[in-house]
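Data first, discussion second: the structure below is written as structure tokens.
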Amino acid sequence: MRTLAVVGGGVIGLSVAWRAAESGWDVTIFDPDVGSGASWVAGGMLAPLSEGWPGEDEALAFGAASLARWPEFGRRLQEATGLSVFVAEQILTVALDAADAEDLRTIAAFVGAHGHEVRLLDRAGVRGIEPNLARTVRAGLLAPTESAVDNRLVVEALRRCCALSEVTIRPETVAALTDLDHDRIVLAAGAASARLWPELPVRPVKGEILRLHHRPGAPPPPRHVIRARVHGHPLYLVPRGNGIVVGATQYEAGFDTAVTVAGVRDLIADAEAILPALGEYELAEASAGSRPGTPDNLPLIGSLDERVVAATGHGRNGILGIPLTAEAVVALLDGELLTEVKVADPQRFSTGGMR
Ligand SMILES: Cc1cc2nc3c(=O)[nH]c(=O)nc-3n(C[C@H](O)[C@H](O)[C@H](O)COP(=O)(O)OP(=O)(O)OC[C@H]3O[C@@H](n4cnc5c(N)ncnc54)[C@H](O)[C@@H]3O)c2cc1C
């Protein structure tokens, strides 16, 4: 049987390991603490359309291709484990001023021109579907095909899928890929991937995020994921069964996962500008993680040499990218290249590469 080592057991490594084991590989995941990285910290939005912007056609195409695979992927997770991972069905981006409203029209025109359905809403339209948002909200953009998952449930479901598919987990840090004697290796060490393959342009991008619990008497969480830009900061509220996840800050801070007072203060202040009743919720958790960032905000999926395949660099969209990445990496291990991941070829950064 062909042997495969997967280095890193975040959502990317776990999903690749599961799908590879299903297609006949003898898989071992190496990770000192499976599921403890960015995958545990994330918000869980699947938002390639709401994040669309003119000129970012490749990111839109990659994200939309993965979003399209999520319903079937979620169904398979549920079938295998009984866990239902979806927490919201649509994403509503709201505008607080005229410049924000103009941005929503720009996004709608851009993603609409690529054939995706989004709807512009006026003030009354927003209030009609989310009555508890601030009165200052003046317009909205609804993306009916976008959604959100509970990323921690996804980690748990993928762990169970790996166990069911007889993936071996070794709780070890890999010091060098040359220490592994497997037929093939998938490098999925998230923000730390460049420590094992220094030419890979992956860097940690710090993000802080809050988890709030609903308290008796407080207004219920929004039904949609709510996104906005407040005081120049991107902000999102992702509903959970028992509350709301509020994210996220973004800094270049190296490998630093300390939660700062300023980060928490800004997130709460910005979130209250969108959902005034938020102060009635319980602040249950503040955490920080390292997104695996790349220079062009596209992931790195492709062969690094005849043995090693990279599956990393998903930045702020790694939860979104799970289904397409897993499918593409398993195809690559069999020598096939999915059209949708050509833009993610790591060789684009090497001399004489794609770019
Ligand atoms: C605050 C925040 C909010 C986010 N929100 C969203 C969102 O709403 N939607 C979305 O799509 N994405 C979101 N993301 C991004 C998403 O979390 C990441 O892109 C994704 O989790 C990356 O997964 P990964 O498996 O590559 O990395 P990780 O989850 O970081 O996993 C990497 C794993 O590799 C292991 N590892 C590292 N080095 C080694 C080694 N040498 N040997 C063995 N193991 C090693 C680590 O222990 C870790 O478990 C968010 C991220 C943050 C920080």
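Each reported figure results from applying straightforward, stated rules to the coordinates on display, with no laboratory input. All values reported here derive from a predicted model rather than from experimental measurement. Neighbour counts are summed over all protein chains in view; Cβ atoms, including those assigned to glycine, are modelled from backbone coordinates with ideal geometry.
Relative to the present Cα-Cα distance, how much length would full extension add between R105 and R76 at 0.36 nm per residue of separation?
That works out to 6.8 nm of additional length.
When ranked by the protection proxy of mean other Cβ atoms within 10 Å per residue, highest first, what sequence do the peptides 268-275, 247-254 form?
Highest-to-lowest ranking by the protection proxy: 268-275, 247-254.
Considering the zone a paramagnetic label at H114 would reach in this model (a point 7 Å from Cα along the Cα-to-Cβ line), which residues of segment 56-81 have amide N under 18 Å from it?
In segment 56-81, the label zone of H114 (backbone N under 18 Å from the point 7 Å along Cα→Cβ) covers 56-71.
At q = 0.09, 0.17 Å⁻¹, what is the base-10 log of I(q)/I(0) for segment 123-279 according to the Debye formula with one equal point scatterer per Cα and no solvent? Please give it to two decimals.
Result of the Debye calculation: -0.45, -1.11.
Report the normalised scattering of segment 1-84 as log10 I(q)/I(0) at q = 0.17, 0.18, 0.25 Å⁻¹, calculated by the Debye formula with identical scatterers on the alpha carbons.
Results for segment 1-84 at q = 0.17, 0.18, 0.25 Å⁻¹ read -0.90, -0.98, -1.22.
Given the peptides 323-333, 104-114, arrange them by the average over their residues of other C-beta atoms within 10 Å, most packed first.
Final packing ranking: 323-333, 104-114.
Sum -39500 (n - 2.57) across every DSSP H segment of at least 4 residues in the chain, then divide by the residue count to get the 222 nm mean residue ellipticity, nearest 500.
Helix contribution divided over all residues of the chain: -9500 deg cm²/dmol.
Using a cut-off of 14 Å between beta-carbons, work out the net charge of the residues near R265 (Lys and Arg +1, Asp and Glu -1, R265 not included).
-4
Take the alpha carbon gyration tensor of segment 82-123, find the square roots of its eigenvalues, order them as a ≥ b ≥ c, and report rounded if a/c is under 1.5; if not, report prolate when a/b exceeds b/c, else oblate.
oblate
Among residues other than A20 whose Cβ falls under 14 Å from its Cβ, what is the net charge (Lys/Arg +1, Asp/Glu -1)?
Local charge sum for A20: -4.
How high is the relative contact order of the chain, in percent, with contacts defined as C-alpha pairs under 8 Å that are six or more residues apart?
Value for the chain: 24 percent.
Would you mind checking which residues have amide H under 5 Å from I29's amide H? H placed 1.01 Å from N; only 5 or more apart, or other chain.
V6, T168, I169, R170
Take every Cα pair under 8 Å in segment 153-263 that's 6+ residues apart, average their separations, divide by the length, and report that relative contact order as a whole percent.
Taking the mean separation of contacting Cα pairs over the length of segment 153-263, I get 22 percent.
When all C-alpha to C-alpha distances in the chain are sorted into bins of 10 Å, what percent of pairs does each bin hold, rounded to whole numbers?
6, 25, 34, 24, 10, 2, 0
Which listed residue (L141, G115, V27) has the Cα farthest towards the positive end of the charge dipole for the chain, taking +1 on Lys and Arg C-beta and -1 on Asp and Glu C-beta about the Cα centre?
Farthest along the dipole direction, towards plus: L141.
Under the classification rounded if a/c is under 1.5, otherwise prolate if a/b is larger than b/c and oblate if not, where does segment 1-146 fall, given a ≥ b ≥ c as square roots of the Cα gyration tensor eigenvalues?
prolate
Can you pull a Stokes-Einstein diffusion coefficient for segment 128-202 at 20 °C (1.002 mPa s), Rh from Kirkwood over Cα pairs, as a whole number of µm²/s?
Answer from the Stokes-Einstein relation: 123 µm²/s.
In Å, what is the Rg of the alpha-carbon atoms in segment 281-355, and how long is Dmax?
So, for segment 281-355, Rg and Dmax equal 15.0, 54 Å respectively.
Three principal axis extents, largest first, for the C-alpha atoms of segment 57-104, in Å?
For segment 57-104, the Cα spread along each principal axis is 47, 25, 9 Å.
How high is the FRET efficiency between E199 and M1 when r is their beta carbon distance and R₀ equals 45 Å, given to the nearest 0.05?
Efficiency, from the Cβ-Cβ distance: 0.90.
Roughly how many nanometres apart are two label points built 7 Å out from the Cα toward the Cβ at A163 and W53?
Each label point lies 7 Å from its Cα, and together they span 4.2 nm.
Could you sort the peptides 55-66, 335-346, 308-319 by per-residue average Cβ neighbour count (10 Å cutoff), highest mean leading?
So the peptides 55-66, 335-346, 308-319, ranked by packing, come out 308-319, 55-66, 335-346.
Using the C-alpha atoms of segment 206-264, what convex hull volume per residue, in cubic angstrom, is computed?
Here the figure is 105 Å³ per residue.
Once fully extended, how much extra length lies between S84 and E336, figured as 0.36 nm per residue of separation less the alpha-carbon to alpha-carbon distance?
Fully extending the segment from S84 to E336 adds 87.6 nm.
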